[in-house]
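Comments concern the structure below.
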Number of protein chains: 2
Amino acid sequence: MKAQVLIRPKAGILDPQGIAVEQALPALGFGGVSNVRVGRLVELDVEDPEQLDAMCQKLLANPLIEDYEVLTSS
Amino acid sequence: MKAQVLIRPKAGILDPQGIAVEQALPALGFGGVSNVRVGRLVELDVEDPEQLDAMCQKLLANPLIEDYEVLTSS
C-alpha cells in the first residue's frame, strides 16, 4: 500500500523556511501570497498501514513541534 | 485560495533522506516498508493560483532534481 505523510510545523511554531519563502516570492514578482508553511513529505510503500501512526510518532515527525497527516491509497 | 505543493526527488535521483529513513525504520521495529522518498511540502494562501506553476519553477522546487505537484482547494 502506498502512503503519504504530510508533516508541517505546528501552528505558533516559528517556521523560518516559510518566512523565507514568503519574503522571496514578492521579490520574484509573485504577489498575493500569504501564510506560507514549509514542511516535509514522506512517501513510502508499507505492508501494514496500522504501523504508520507509530512510525510518525517515533521517527518521521517531531511531535513537539510538528503535526502530521497520513494519507493512504491502495 | 489554499494551495499545497508536494515536492519530491525525481525518480533515479539519489535520496539520502529517504535511504536514511528506510534503514532506520526496521531498527525501530517497523518492517514491511520500502521505496521511502522524502520531499518537501509547501502550503500557502494564494490570490492568483495561475502563478503557482511559475512559483514552483522559479523558487519552490529545483526543476533539475525535483518534481512537483500542485493541489488547490478553494
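Annotations
- Full extension of the chain segment joining residue A:71 with residue A:59 gains 2.6 nm, where the gain is 0.36 nm per residue of separation less the Cα-Cα distance.
- Copies compared at residue B:29 - label distances in nm, ascending, label defined 7 Å from Cα in the Cβ direction: 5.5
- Mean sequence separation of contacting Cα pairs (under 8 Å, at least six apart), scaled by the length of chain B, corresponds to a relative contact order of 55 percent.
- For the range B:2-73, the solvent-accessible area with a 1.4 angstrom probe is 52 square angstrom per residue.
- Folded to 0 to 90 degrees: helix B:16-27 orientation relative to chain B principal axis, Cα: 40
- Check: chain A dipole with +1 on Lys, Arg Cβ and -1 on Asp, Glu Cβ, in debye: 340
- Comparing Cα centroids, the range B:1-53 and chain A end up 8 angstrom apart.
- Axis proximity, chain B to A: residue whose C-beta lies nearest, plus whole-Å distance: B:41, 2
- For the protein assembly as shown, size of Cβ-based charge dipole, Lys and Arg +1, Asp and Glu -1, in debye: 320
- Residue B:10 long-range amide H proximity, modeled H, under 5 Å: B:66, B:67
- Aspartates and glutamates whose Cα lies under 15 Å from that of residue B:2, excluding same-chain neighbours fewer than 8 positions away: A:22, B:43, B:45, B:47, B:48, B:50, B:53, B:69
- D (Stokes-Einstein, µm²/s), Kirkwood Cα radius, the range A:2-73, 1.306 mPa s at 10 °C: 116
- Estimated D of the protein assembly as shown in µm² per second, where Rh is the Kirkwood radius over Cα pairs and Stokes-Einstein applies at 20 °C, 1.002 mPa s: 133
- Each chain gives up part of its surface: A and B jointly bury about 2800 Å² of accessible area, both sides summed, for a 1.4 Å probe.
The values are calculated or read from the model by the stated rules, or taken from the named source; none is laboratory data. Note that the coordinates shown come from a computational prediction; the quantities given were computed from them, not determined experimentally. Heads up, the Cβs are rebuilt from the backbone with ideal geometry, glycines too, and the neighbour counts pull from every protein chain shown. Please note that ligands, DNA and RNA were not included when accessible areas were found on the heavy atoms of the full protein model with its side chains. Shrake-Rupley method; radii C 1.70, N 1.55, O 1.52, S 1.80 Å.
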